[in-house]
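The structure under discussion appears below in the form of structure tokens.
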Amino acid sequence: MDKRLTIRPYLLNILLLLLALLFSIAVGAVVIPPGVLARLFLGSATGGDILPAFRTILFQLRLPHTALVMLTGAALAGSGAAYQGLFRNPLADPYLIGVASGAGLGAVLAMASPLAAHFLGMFSVPAAAFLGALLTVLAVYWLARSGKFVPTTTLILAGVAVGSFASALTSFLMLRSQGELHRAIAWLLGGTTSSGWQPVLVTLPYVILSLVLLSLSGHALNVLQFGDEQAQQLGLPVERTKALLILAASLATAAAVSFSGIIGFVGLIVPHLARLLWGSDYRRLIPLSILGGASVLLIADLLARVILAPEELPVGIVTALAGAPFFLWVLRRTRSSRES
Amino acid sequence: MLGIQSLTVGYGARTVLKDISLSVAKGEVMALIGPNGSGKTTLIRAVSGVLDLRLGQVLVDGKDVKHLSPAQRAARMAVVPQARNLPESFTVYQTVLLGRTPYLSWLGHPGEKDFARLEWALERTDTKMLADRLIGELSGGEQQRVLLARALAQDTPILLLDEPTAHLDINHQARLLNLVQELAREQSLAILMALHDLNLVALYADRVALLVNGSVAALGNPKEVLTPDTLALAYGIHLKVILHPDYGTPLVLPDGHHL
């Protein structure tokens, strides 16, 4: 019926993701040859002098790192697509509208506060990041709103202002408390500094929960594209739906930011490409963005690891270097289509 | 079918609609007329449930709709808004399918019944050949027909239209209103429609409600309402009213001399 409801984009994305996963696992400061990789996975690898080292690299370093990057990319792109739908604005992105910075501030506050760590342990950082993300998105939305709509210019302006404010507070906190928050600097640049499986296990439930919710909300997002008023006249409980979507998208952003730092532009580029390639039906756009986001961030992370190997660049630098020009291109494109 | 009782609506300190009472029967087309800013669009929006009422109530089959959920309400009345700010990259098909929202679950998976109604709505509004086109590529008249198709897909006994002919040429105006009138008769729809053009009102409306400063200043069939005296009071200008040579309905002409 609708030709865009085919399965091909999904297959394409899954294939890309598998390839990205494979390269992410195999390539780095040490390259694991495909043969060794296969033997390690199949468990038939006994004996040999090199294998134990490879085993440690694979299972203790590469796999958890790859999993975290994949979850982060999926969460950022999924929430980016959702924010774009919610704000009816193609330039909304967790980074541009300041939500990521808000989540960062929350996370740094939690890192700086021994009390939070005492009561919530591993969960204090993601919980504080979530709170920060939520407060920021509400502030930006409230500030940018003009009547019934959220215009592009005020959205970006409010996002930049609130985001800068949060970033400034974050910097201040980091300057004040030396030592303890030093790791936060690399983290804020978008480097997945933490390692091992624990961050993955903490992030996983948040990301799964929020992304499943967003993936199932495509129809509601489609209805919302006609504006709040028409959406309600079409029978959608608008306020409740928006609250739910904001919660879910902020949860995904917070989960991503709390362990991977602030990584810009993934949430903007990926949904945009998906929309260009496969249309703007949110029932497909959200899951396709999630798959694509995972692949794109894996590729960016791979580049960050090999460009200056054995040095590792924070992945946020790579996404910003590629993403900023892309953002400008989108800006020009939307402007010229408005004028014509 | 549709009842509006003592409805009062305002924004902040300003009262926009005061004590409006109207009723629209099955199969009837009621036109809302009045000068700019008289509250036509506000009345449509208030009846559709997107504005809070200060006083009064909206009744469907004698029952207050205040406590209905948005979906229950949307199963009773559909709105054809003015074609503005539509998502350009949606296809016509996708757009019309959204009319089924009140009957779909959260996931929005349509069933056989939904597709059947969708097909019917596309056919009835002559938009079937546009199904795969993007909204942004369509002309104003086509967009308006797509919004009508979406409202028909919604399968409601009541239809509210807000200036559906605002940006259409005379051919498309006549075709759209012909269709609206046909649907009212054929599907026994109760139709409340804000219209600017008094001559179209005279041709297509069964009854006319004239709004002036947020109150109903006159109510009746077109012949009763479209008189020089009533119109002069409402619009502040002398208008000449003659009769249509074929139908005997009123025709309103500007007179050239202001009050």
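The values are calculated or read from the model by the stated rules, or taken from the named source; none is laboratory data. What you see is a predicted model, and the numbers here were worked out from it, not measured in a lab. All Cβ positions, even for glycine, are placed from backbone atoms using ideal geometry, and neighbour counts span all protein chains on display.
Looking at A:Ala322, A:Ala309, A:Ala256 in this structure, which one is small (Gly, Ala, Ser) and surrounded by 24 or more Cβ atoms within 10 Å (Cβ to Cβ)?
Working: A:Ala322 fails: surrounded by 24 or more Cβ atoms within 10 Å (Cβ to Cβ); A:Ala309 fails: surrounded by 24 or more Cβ atoms within 10 Å (Cβ to Cβ).
So the residue among A:Ala322, A:Ala309, A:Ala256 that is small (Gly, Ala, Ser) and surrounded by 24 or more Cβ atoms within 10 Å (Cβ to Cβ) is A:Ala256.
Let's see how each residue does on (1) over 17 Å from A:Ala166 (Cβ atoms); (2) more than 9 Å from every other protein chain (Cβ to nearest Cβ):
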{"residue": "A:Leu234", "(1), (2)": "yes, no"}
{"residue": "A:Glu239", "(1), (2)": "yes, yes"}
{"residue": "A:Leu247", "(1), (2)": "yes, yes"}
{"residue": "A:Ala254", "(1), (2)": "no, yes"}
{"residue": "A:Phe259", "(1), (2)": "yes, yes"}
{"residue": "A:Ile263", "(1), (2)": "no, yes"}
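Residues in the range B:47-86 that are free of Cβ contacts under 8 Å to residues at least 40 places away in the same chain and over 15 Å from A:Ala231 (Cα atoms): B:Lys63, B:Asp64, B:Val65, B:Lys66, B:His67, B:Leu68.
A:Pro94 falls short of the stated requirement of being touching a Phe, Trp or Tyr at 6+ places or on another chain (Cβ under 7 Å), within 25 Å of A:Thr319 (Cβ to Cβ), surrounded by fewer than 24 Cβ atoms within 10 Å (Cβ to Cβ) and modelled with pLDDT of 80 or more. The single residue among A:Leu288, A:Leu224, A:Leu273 that is over 20 Å from A:Thr319 (Cα atoms) and of a type in the set (A, V, I, L, M) turns out to be A:Leu224. Just so you know, in the range B:87-112 the residues that are aliphatic (A, V, I, L, M) and facing chain A (nearest Cβ under 8 Å) include one that is farthest from the chain's Cα centre (by Cα), and it is B:Leu107.
Take the conditions (1) of a type in the set (A, V, I, L, M, F, W, C); (2) part of a loop (DSSP other than H, G, I, E, B); (3) surrounded by 21 or more Cβ atoms within 10 Å (Cβ to Cβ); B:Ala149 misses just one of them, which is (2).
In the set (1) at pLDDT 90 or above; (2) closer than 25 Å to A:Ile299 by Cα; (3) crowded, with 22+ Cβ neighbours inside 10 Å; (4) over 15 Å from the mean Cα position of the chain (by Cα), A:Gly235 fails one condition alone, (2). Taken as a whole, the range B:127-150 holds no residue that is facing another protein chain (nearest Cβ under 8 Å), at pLDDT 95 or above and in contact with a strand residue (DSSP E or B) (Cβ under 7 Å, 6 or more places away or on another chain). Within the range B:28-46, restricting attention to residues that are β-branched (Val, Ile, Thr) and outside any strand (DSSP E or B), the residue that is nearest to the chain's Cα centre (by Cα) is B:Ile44.
Only one of (1) more than 8 Å from chain B (Cβ to nearest Cβ); (2) polar (S, T, N, Q); (3) surrounded by fewer than 24 Cβ atoms within 10 Å (Cβ to Cβ) fails for A:Gln230. Which number is that? Of the numbered conditions (1) more than 8 Å from chain B (Cβ to nearest Cβ); (2) polar (S, T, N, Q); (3) surrounded by fewer than 24 Cβ atoms within 10 Å (Cβ to Cβ), the odd one out for A:Gln230 is (1).
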